[in-house]
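The values are calculated or read from the model by the stated rules, or taken from the named source; none is laboratory data. Being a predicted model, the structure only gives us computed values, none of them experimental. FYI the Cβ positions are ideal-geometry reconstructions off the backbone, even for glycines, and counts take in every protein chain you see. The protein model used for the area step is the full one, side chains on, heavy atoms only, and it has no ligands, DNA or RNA in it. Shrake-Rupley method; radii C 1.70, N 1.55, O 1.52, S 1.80 Å.
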Amino acid sequence: MELKLNRPICFFDLETTGIDVARDRIVEISILKVFPNGNKESKTWLVNPTISIPPQSTEIHGITNEKVAGEPTFKELASQIYNMIKDSDLAGFNSDRFDIPLLAEELLRAEVDFDMKNRVAVDIQTIFHKKEERTLSAAYKFYCNASLENAHSAAADTNATYEILKAQLDRYEDLENDIKALAEYTTRKKSVDFAGFIALNNDGKEIFTFGKHKGALVDEVLEKEPGYFGWIQNADFPLYTKKVLTAIKLRKLTNKF
């Protein structure tokens, strides 16, 4: 089954120095852009992360410090990457919890003002886990009846993810072939930021999900304890979380006038 698209969608996968969204960096990124007319465009970049790649990460994806030493940094690639995804929805495997948050961090570090306001995201892993609960390699074997060669290379994982989604649509009649519907199906929680530090309550209002103000309305905390905003901005929180909190604060100030 081919995807029914109203706009392009970019399937992408990252190989990284680790799994800490705030601290780790991208060492490889692959993007497969699928257009409404069925055309496809793909691109893979090796990236110099400007920090050392730990041996345990190299063991997973095979990318060494020597291999990326002469490659461009993410900041040097940021405009190319953003231009490829800027008009598109996003999709990946575990992308909501890891790939999109880390990509957002890298783009913001490169001074590219990335956000998800005018796009949706489909996490193929969530569909898989809700239906079968396996890994990417197992998903590829289960849905596509093939072995995933070169697993943990960004290009192989990206193409496998795209093929799995199409096979999932063929298999599950209750899955709607619509990107917005798939995005809603794969959304785990109503987070405002990618990392989940700020979420929406049942009334659709922003609340903190951590620390001493867990469950409290963000607006009320910022008003009663102005220093809390500064503490978050200066602490080791993801840049996207800080951006979201700043937008909430500016909205509150604007509404006063």
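Beta bridges assigned by DSSP with both partners in the stretch 1-123 are antiparallel in approximately 70 percent of cases. Per-residue extension of 0.36 nm, minus the Cα-Cα distance of Glu132 and Asn118, leaves a gain of 2.0 nm for this segment. For the chain, the solvent-accessible area with a 1.4 angstrom probe is 51 square angstrom per residue. Projected over every direction and averaged, the convex hull enclosing the alpha-carbon atoms of the stretch 51-113 yields 5.1 nm². Each residue of the stretch 215-232 was assigned a 3J(HN,Hα) from its phi angle through the Karplus curve 6.51 cos²θ - 1.76 cosθ + 1.60 (θ = phi - 60°); the sequence is x, 7, 5, 4, 4, 5, 5, 5, 6, 7, 9, x, x, 5, 4, x, 4, 5 Hz, with glycine and proline shown as x.
Ordered by solvent-accessible area of protein heavy atoms (1.4 Å probe), largest first, the residues Tyr162, Tyr185, Tyr172 come out as Tyr185, Tyr172, Tyr162.
With angles folded into 0 to 90 degrees, how steeply does helix 100-109 sit against the dominant principal axis of the chain? Use alpha carbons for both and round to 10. Once rounded, the angle reads 60 degrees. Summed over qualifying helices (DSSP H, 4 residues or more, each -39500 (n - 2.57)) and divided by its residue number, the chain shows a 222 nm mean residue ellipticity of -12500 deg cm²/dmol.
When you restrict to C-alpha pairs under 8 Å that are six or more residues apart and normalise by the size of the stretch 1-102, the relative contact order lands at 33 percent. Determine the shape class of the stretch 67-216: with a ≥ b ≥ c the square roots of the Cα gyration tensor eigenvalues, call it rounded for a/c under 1.5, and otherwise prolate if a/b is greater than b/c, oblate otherwise. It is oblate, given that a/c is not under 1.5 and a/b is not larger than b/c.
Using DSSP loop states and a limit of at most 10 other Cβ atoms within 10 Å to flag trypsin sites (Lys or Arg not before Pro), what is the longest stretch of the chain containing no flagged site? Walk me through the intermediate numbers first.
Numbers: sites that count: Lys117, Lys189, Lys214, Lys256.
After excluding every exposed loop site, the longest remaining stretch is 1-116.
Val221 sits with roughly 10 Å² accessible to a 1.4 Å probe, with DNA, RNA and ligands left out of the calculation. Applying 1/(1 + (r/R0)^6) with R0 = 35 Å to the Cβ-Cβ distance of Ile51 and Arg251 gives a FRET efficiency near 0.50. GNM on the chain, alpha-carbon springs under 10 angstrom: the most fluctuating residue among Thr209, Thr186, Thr16 is Thr209.
Over the chain, Cα pairs under 8 Å with separation of 6+ residues give a relative contact order of 19 percent.
Quick one: grab the alpha carbon gyration tensor of the stretch 8-137, order the square roots of its eigenvalues as a ≥ b ≥ c, and give me rounded if a/c is under 1.5, else prolate or oblate depending on whether a/b is larger than b/c. Here the stretch 8-137 falls in the oblate category. Each of Lys75 and Gln233 was given a label point 7 Å from its Cα along the Cα-to-Cβ line. The distance between the two points is 2.2 nm.
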